[in-house]
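Heads up, the thing below is written out as structure tokens.
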Amino acid sequence: MTHQVHAFEPPERFVAGTVGPPGERTFFLQARGGGRLVSVALEKVQVSLLAEKLEELLTEAQRRFGVELPEAPASLGDNDPLETPVDEEFRVGTLGLAFDADTATVVIEAIAVGEAEAEIELGESEEDEADDVEPDEDLDRLRVRLTPEATREFIERARRVVNAGRPPCPLCGQPLDPAGHLCPRHNGYHR
């Protein structure tokens, strides 16, 4: 089976966004460019870690290569919703980051969940795993190349998207539903 590489170098737009109400949101990375629109689904924690690791990557690029880093954008920047239709190309299993010193760009690669990862999620056995080819070789991927400025804008939006969910309980930190929740700090009483 052939795999697809959706490359946007650079994209016209690359954002993290969600579909659905708080508590039931599905997170997406969406890239647009050259008349194409690609959306890939991922977990909230992956979006949060991506923003955190991109920040670390920019800091390291500045330290090692002397790259001029822009300040965090003062305005909200791109706050538009995801473009429709939001058709999931694949679910992200692995995220890869790199800094290309020759072009002073950040490379983000989102790789689809592999069969071995899907079996683990489903609770199936992992027989003959040694016979598998390199797991990432035959998987779909989304590759995006961003300038440091575009990376900063992506980081800021990703953080806003992650923080826009349900507010945390002040006692236990778990998300509060509109009807409250069973707080472990109150011995299971509604909060």
Next on the checklist: So, in the range 161-191, exactly how many residues are hydrophobic (A, V, I, L, M, F, W, C), assigned to a loop (DSSP other than H, G, I, E, B) and either at pLDDT 95 or above or open to solvent by less than 80 Å² (accessible area, probe 1.4 Å) (or both)?
Outcome noted: 6
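Here is a check on your reading of the model: is Ala158 among the small types (Gly, Ala, Ser), out of contact with any helix residue (DSSP H, G or I) (no Cβ under 6 Å at 6 or more places or on another chain), within 30 Å of Gly66 (Cβ to Cβ) and part of a helix (DSSP H, G or I)?
On the way: among the small types (Gly, Ala, Ser): yes; out of contact with any helix residue (DSSP H, G or I) (no Cβ under 6 Å at 6 or more places or on another chain): no; within 30 Å of Gly66 (Cβ to Cβ): yes; part of a helix (DSSP H, G or I): yes.
No; evaluated as a whole, the condition is false for this residue.
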Item to check | Every residue from the range 35-49 that is touching a residue at least 60 places away in the same chain (Cβ under 8 Å) and closer than 23 Å to Pro21 by Cβ | outcome: Val40, Leu42, Lys44, Val47, Ser48
Next on the checklist: Can you pull out every residue in the range 1-56 that is under 18 Å from Ala150 (Cα atoms) and charged (D, E, K, R)?
Outcome noted: Glu9, Glu12, Arg13, Arg32, Glu52, Lys53, Glu55, Glu56
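The values are calculated or read from the model by the stated rules, or taken from the named source; none is laboratory data. Model, not experiment: these values are computed from the prediction. Because the Cβ atoms are built from the backbone with ideal geometry, glycine has one as well, and the counts that use them run over all protein chains shown. These accessible areas exclude ligands, DNA and RNA; they are computed on the full protein's heavy atoms, side chains included. Shrake-Rupley method; radii C 1.70, N 1.55, O 1.52, S 1.80 Å.
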